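**Q** A single structure is presented below for examination.
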Amino acid sequence: MGREVTMFKFLAIFALFFASQSASAADESIVGTYRLISSQRLIVETGEKEDSYGKSPTGFITYGRDGRMMAIIVFSNRSKPESLDKLTDQQRAELFKTMLAYAGTYKFSGTQVEHHIDASWNEIWTGTTQIRDIKKDGERLVYTTKPAPFPRDGKMSINTLVWELVK
């Protein structure tokens, strides 16, 4: 009986170890820094499709082994003020409206990624969880958002973003 209990304990510990290794392996599969390749949004009310952040936005998203993530997207065709000391409040507001950035922790399940936001360009997102459906396509991640108000205009939209691993 004692050997059976010992063997059972060993198997239980082995199973727990294997399960924890499998969970971390799933997280490891998206570790890295990715560059935004494309972004399209579908406006739910009208069915209209458009570039989410202009024709050529710049964006990066990083997933660390430590479970932390950071993302930044800047829209294309942003104006460039003459200098910091001459920056007007209107220019500052326009620059704010044409970007998004946030950081926090993440959880990846293989088909969804949850971003638990600790800091954000817009305090409305700070403290929230943003969930993205995700599909891995080689070295690309394809995200699809749930219908949500779009940061620029508040219209209910579904965003599809394609990110490619930076080498």
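**Q** Quick check on my filter: what residues within the stretch 145-167 are farther than 18 Å from residue 58 by Cα and among the polar types (S, T, N, Q)?
**A** 145, 157
**Q** Consider only pairs whose beta carbons are under 7 Å apart and that are at least six residues apart or on different chains; among these, list those whose first residue lies in the stretch 60-86 and is within 27 Å of residue 41 (Cβ to Cβ) and in contact (Cβ under 8 Å) with a residue 60 or more places away in the chain and whose second residue is hydrophobic (A, V, I, L, M, F, W, C) and surrounded by fewer than 17 Cβ atoms within 10 Å (Cβ to Cβ).
**A** 60/72
**Q** Moving on. Within the stretch 152-167, count every residue that is of a type in the set (D, E, K, R) and open to solvent by 70 Å² or more (accessible area, probe 1.4 Å).
**A** Number satisfying all stated conditions: 3.
**Q** Being modelled with pLDDT of 95 or more and either open to solvent by less than 20 Å² (accessible area, probe 1.4 Å) or out of contact with any Ser or Thr (no Cβ under 9 Å at 6 or more places or on another chain) (or both) is the filter here, so list the residues in the stretch 51-64 that pass it.
**A** 59, 61, 63, 64
**Q** Of the numbered conditions (1) under 26 Å from residue 56 (Cα atoms); (2) at pLDDT below 95, residue 109 fails exactly one; give the number of that condition.
**A** Among (1) under 26 Å from residue 56 (Cα atoms); (2) at pLDDT below 95, residue 109 violates only (1).
**Q** OK, next. For the stretch 116-127, enumerate the residues that are part of a loop (DSSP other than H, G, I, E, B) and either of a type in the set (A, V, I, L, M, F, W, C) or more than 22 Å from residue 153 (Cα to Cα) (or both).
**A** 121, 124, 125
**Q** Now a separate question. Sort through 127, 67, 138, 32 and tell me the only one that's buried (at least 16 other Cβ atoms within 10 Å of the Cβ), at positive phi and either touching a strand residue (DSSP E or B) at 6+ places or on another chain (Cβ under 9 Å) or not acidic (Asp, Glu) (or both).
**A** The conditions single out 32.
**Q** From the list 162, 113, 142, pick out the single residue that is touching a residue at least 40 places away in the same chain (Cβ under 8 Å), assigned to a strand (DSSP E or B) and either among the acidic types (Asp, Glu) or within 20 Å of residue 42 (Cα to Cα) (or both).
**A** Being touching a residue at least 40 places away in the same chain (Cβ under 8 Å), assigned to a strand (DSSP E or B) and either among the acidic types (Asp, Glu) or within 20 Å of residue 42 (Cα to Cα) (or both) holds for just one of 162, 113, 142, which is 162.
**Q** Something else about it: Could you go through the stretch 90-98 and let me know if any residue there is within 16 Å of residue 31 (Cα to Cα) and surrounded by 16 or more Cβ atoms within 10 Å (Cβ to Cβ).
**A** No - not one qualifying residue is present in the stretch 90-98.
The values are calculated or read from the model by the stated rules, or taken from the named source; none is laboratory data. Computed from a predicted structure; not experimentally measured. So basically every Cβ, Gly included, is an ideal-geometry build from the backbone, and we count neighbours across all protein chains shown. Please note that ligands, DNA and RNA were not included when accessible areas were found on the heavy atoms of the full protein model with its side chains. Shrake-Rupley method; radii C 1.70, N 1.55, O 1.52, S 1.80 Å.
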